[in-house]
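The values are calculated or read from the model by the stated rules, or taken from the named source; none is laboratory data. None of the values given here were measured: they were computed from a predicted structure. Positions of Cβ are generated from backbone atoms using ideal geometry, with glycine treated the same way; all protein chains shown enter the neighbour counts. These area figures cover heavy atoms from the full protein model, side chains too; ligands, DNA and RNA do not enter into them. Shrake-Rupley method; radii C 1.70, N 1.55, O 1.52, S 1.80 Å.
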Amino acid sequence: MSKPKLAIIPGANCAGCDYSLLDLGEKIIDVLIATEIAYWPTAADLKLEDLEKLPDGSIDIVLFEGAVNNDETEEMAKLARKKAKNLIAFGACACFGGIPGLANVASRDSILQKAYIKSLSTVNQQGIVPYKITKVDGGELTVPELLETVKSLDQVVKVDYYLPGCPPPLKLTADALVAALSGKLPPKGTVFGSMKSVCDDCKRIRENKRITEIKRYHQIVPDAEKCLLEQGIVCMGPATRGGCDAICPTVNIPCRGCMGPTSESRDQGARMLSALSSVIGLEGEAGVSDEDVRKLVLQIKDPLGTFYRYTLPKSIMRRVWGVRE
Amino acid sequence: MEKDFEPNILVFACNWCSYAGMDLAGTSRLQYPHNLKVIRVMCSGRINPVHILEAFANGADGVLVTGCHPGDCHYISGNYKTRRRIMLLERLLEQFGVEKERLRLEWVSASEGERFANIAKEFVEQIRKLGPNRIAEKLRKEVAVV
Ligand code: SF4
Ligand code: SF4
């Protein structure tokens, strides 16, 4: 019997998800023995043509890593779908747009202008901004063209499974690989992770305390036992899917939300906004003016960037509408 | 101001105070604009920010959230939670590019039929001045759903 084929196909990624596979340690050898690598640019010397030549639907497991942010990654997403029997969105970027998805706070043009012209560290005397086709001395150069709006993988093609996290927790990756290789995959649409929130996995003590002050992480040395949110640090745990064993709060770092929304909510930011509005508050609120309440909640300087750090493209609003330069 | 623009406005009303207040406006035969579509909820605290974001993403031009006056909440503190949520949501909406004036929070008691009618008129006028919310249209265009 031939071995199952495995491919890892990159989109707008940082390769951190592939790298996390190395944390499998020696078990990675088992994976390599059990599979035939069909395509994996970070680790195997196979070319795009090799991938294109394979019959459609012939790769048993395709892990697509990264968001879709330009016409090339869009093509890769479509190719991944075509060749895959099981397409898995691998990591927060593929699942929700992730960090590259934060580009959706600005227009494509303003991003290019900032990166190639306006930033202080840029020296670009000819003022070249790389659009699809750029005229240079001696001819034309082409580069992939940025999309106006960054997308998650499932906003471009149909996705079979989701493996969130930045990068996905090793345990979940191993679960997914074992399930796929033993032909025991769960129903399509499954998100590998817990049905509960990060808070449910977190061992910190919650006292249902109200907070009156939001603190930046560098402003305090947090108590090692108590809930970070109740100490005034914005921790995304209540709005985030569990499955990572709450590794960040366990080491005194607030959760940033890389596992995406919980199974009960489709918009992580909205959920966090609710959770935060429940813990923040002043005594004797009947007598407190609207202005004071506004001041209190606006201690959160950048709700959008904080609540949707990994999920802006998958949020209800998907992007910022209206130009921000 | 856009010609022929009739604002499409969603109203959330809590069962115990505001919905009764609206009812009173009706039974007292007070006139208020027909642009409002009312959803009754048990408490203003039941209104999830998702509902409001969905409303704007689906073409509402304005959202009016109403609840019991401070101190009067049937569930003691639901309206305080609402106030905090709405204030933070205003900021978030602004960041998303939705004018914060499209969202409004008002306390309306069961005896304030007239106050409700006035708020309704005022809010519809305010939205009329702002013009249509174009986000739903842009959302549909920008992202082809698979
Ligand atoms: S808010 Fe953060 S620190 Fe508190 S219980 Fe949840 S995950 Fe743990
Ligand atoms: S605690 Fe939060 S940020 Fe850390 S791995 Fe888990 S989901 Fe990601």
- line: Rg/Rh of the range B:1-131 (Cα atoms, Kirkwood Rh), to two decimals, equals 0.96
- prompt: For chain A, what does -39500 (n - 2.57) per DSSP helix run (n ≥ 4), summed and divided by total residues, give at 222 nm, in deg cm²/dmol to the nearest 500?
  reply: -7000 deg cm²/dmol
message: Based on the alpha-carbon set only, what is the convex hull volume of the range A:237-307 divided per residue, in Å³?
response: 109 Å³
Extension gain from A:S263 to A:K118, taking 0.36 nm per residue of separation minus the Cα-Cα distance: 48.1 nm
message: Suppose a student asked you for the relative contact order of the range B:1-90, using Cα pairs under 8 Å spaced at least 6 residues apart; what percent would you report?
response: 38 percent
query: So how much accessible area does B:H74 have, in Å² to the nearest 10, using a 1.4 Å probe?
result: 100 Å²
message: What number do you get for the protein assembly as shown when its Cα radius of gyration is normalised by 2.2 N^0.38 Å, N = residues?
response: 1.10
field: Area hidden from solvent between B and A (accessible, protein heavy atoms only, 1.4 Å, total, Å²)
entry: 3400 Å²
Projected label distance in nm at A:V129 and A:V221, using a 7 Å step from Cα toward the beta-carbon: 4.9 nm
- prompt: Using all Cα-Cα distances in the range A:51-130, what percent lands in each 10 angstrom bin from 0 up to the longest?
  reply: 17, 34, 25, 17, 7
- request: Using only Cα positions of the range B:2-49, each an equal point scatterer, no hydration layer, compute I(q)/I(0) via Debye at q = 0.14, 0.19 Å⁻¹ and quote the log10 values to two decimals.
  value: -0.42, -0.69
task: Go ahead and run the numbers for FRET between B:N118 and B:D72, Cβ-Cβ distance against an R0 of 25 Å, rounding to 0.05.
output: 0.80
message: Taking the solvent-accessible surface of protein heavy atoms with a 1.4 Å probe, what is the per residue accessible area of the range A:1-83 in Å²?
response: 51 Å²
- request: Output ³J(HN,Hα) for the range B:9-14: one whole-Hz value per residue in order, computed from phi by the Karplus curve 6.51 cos²θ - 1.76 cosθ + 1.60 with θ = phi - 60°, and x for Gly and Pro.
  value: 10, 9, 10, 9, 10, 7
task: With label points built 7 Å along Cα→Cβ from the Cα atoms of A:I29 and A:R206, find their separation and express it in nm.
output: 4.4 nm
- prompt: Mind checking which of A:G193, A:G269, A:G305 has the largest fluctuation in a GNM of chain A, springs on alpha carbons under 10 Å?
  reply: A:G305
Listed residues A:M272, A:M236, A:M195, most fluctuating in chain A (Gaussian network, C-alpha, under 10 Å): A:M195
query: Roughly speaking, to the nearest percent, how much of the range B:1-48's 1.4 Å accessible area is carbon and sulfur?
result: 50 percent
message: Suppose all protein chains stay in the model; what accessible area per residue would a 1.4 Å probe give for chain B, in Å²?
response: 47 Å²
field: Threshold 50 Å² - residues in the range A:280-325 whose accessible area is reduced by that much or more when the chain is no longer isolated, probe 1.4 Å
entry: A:E285, A:A286, A:R294, A:V297, A:P303, A:L304, A:I316, A:M317, A:R318, A:W321
query: So if we plug the beta-carbon distance of A:V178 and A:E145 into 1/(1 + (r/R0)^6) with R0 = 41 Å, what FRET efficiency do we get, rounded to 0.05?
result: 0.55
task: For an R0 of 25 angstrom, estimate the FRET efficiency from the Cβ-Cβ distance between A:V251 and A:L22 and round to the nearest 0.05.
output: 0.75
